[in-house]
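K.L.:
One structure coming up, written as structure tokens, with questions to follow.
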Amino acid sequence: QVQLMESGGGSVQAGGTASLSCTASGATFFRYSRSFCLFWFRQVPGAEREGVAGTYTGGDGPYYADSMRDRFVVSFENYNTLRLQINSAKPEDTGVYYCAAEYEPPTGCRPYLANGGRGLSTWGPGTRVTVSS
């Protein structure tokens, strides 16, 4: 059982950079010889949740939603922290950013990114990013 907590949200000027972190507790991403699908999603006002990026502790990834490929970067900061960097932030990026995890789903990881995270069982509470112009 892994618990997730996002941090790093807040205000950023348009064109600036935001750096978000997802920290695991209870279990870590690598410590117990288990492989996890890990994701970042976001929900902007007036829209449904959408995928940003994903990776797999077993070796696959990172990978990105097509619309996120140019400005978003996901990486591991350490054994229990996953980072999302938002470059050249736009006001349209304003919203709540969530990390999520799943232990070795039989379908693999990548389909969840496209469906907005439907079916994923473990989520952080989210962190809000506000981009001002």
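The values are calculated or read from the model by the stated rules, or taken from the named source; none is laboratory data. A quick note: this is a predicted structure, and the numbers were derived from the prediction, not measured. Ideal geometry is used to build each Cβ from the backbone, glycine not excepted, and the neighbour counts take in all protein chains shown. In case anyone asks, the SASA skips ligands and DNA or RNA and just uses the protein heavy atoms, side chains included. Shrake-Rupley method; radii C 1.70, N 1.55, O 1.52, S 1.80 Å.
K.L.:
By average Cβ neighbour count within 10 Å, what is the ranking of 50-60, 36-46 from highest down? All intermediate terms of the calculation are to be shown ahead of the outcome.
P.N.:
Details: 50-60: 19.1, 36-46: 20.8.
Sorting 50-60, 36-46 by mean packing, highest first, produces 36-46, 50-60.
K.L.:
A follow-up question, please. Run a plain Debye calculation on the chain (Cα atoms as equal point scatterers, no solvent) and give log10 I(q)/I(0) at q = 0.15 Å⁻¹, rounded to two decimals, same order as the q list.
P.N.:
-0.63
K.L.:
For the range 1-42, what is the Kirkwood estimate of the hydrodynamic radius, computed as the reciprocal of the mean inverse distance between distinct Cα atoms, to one decimal in Å?
P.N.:
About 12.3 Å, per the Kirkwood formula over Cα pairs.
K.L.:
Another one. Would you mind getting the accessible area per residue of the chain, heavy atoms of the protein chains only, 1.4 Å probe, in Å²?
P.N.:
49 Å²
K.L.:
Next question, about the same structure. Which percent of the accessible heavy-atom area of the chain goes to carbon and sulfur, probe 1.4 angstrom? Walk me through the intermediate numbers first.
P.N.:
On the way: 3000 of 6580 Å².
C and S fraction of accessible area: 46 percent.
K.L.:
Taking the Cα centre of the chain as origin and charging only Cβ (+1 Lys, Arg; -1 Asp, Glu), how large is the dipole, in debye to the nearest 20?
P.N.:
Result for the chain is approximately 120 debye, rounded to the nearest 20.
K.L.:
Next up: Over the Cα atoms of the range 50-112, what radius of gyration and what Dmax do you get, in Å?
P.N.:
Computed over the Cα atoms of the range 50-112, radius of gyration and Dmax are 12.3, 37 Å.
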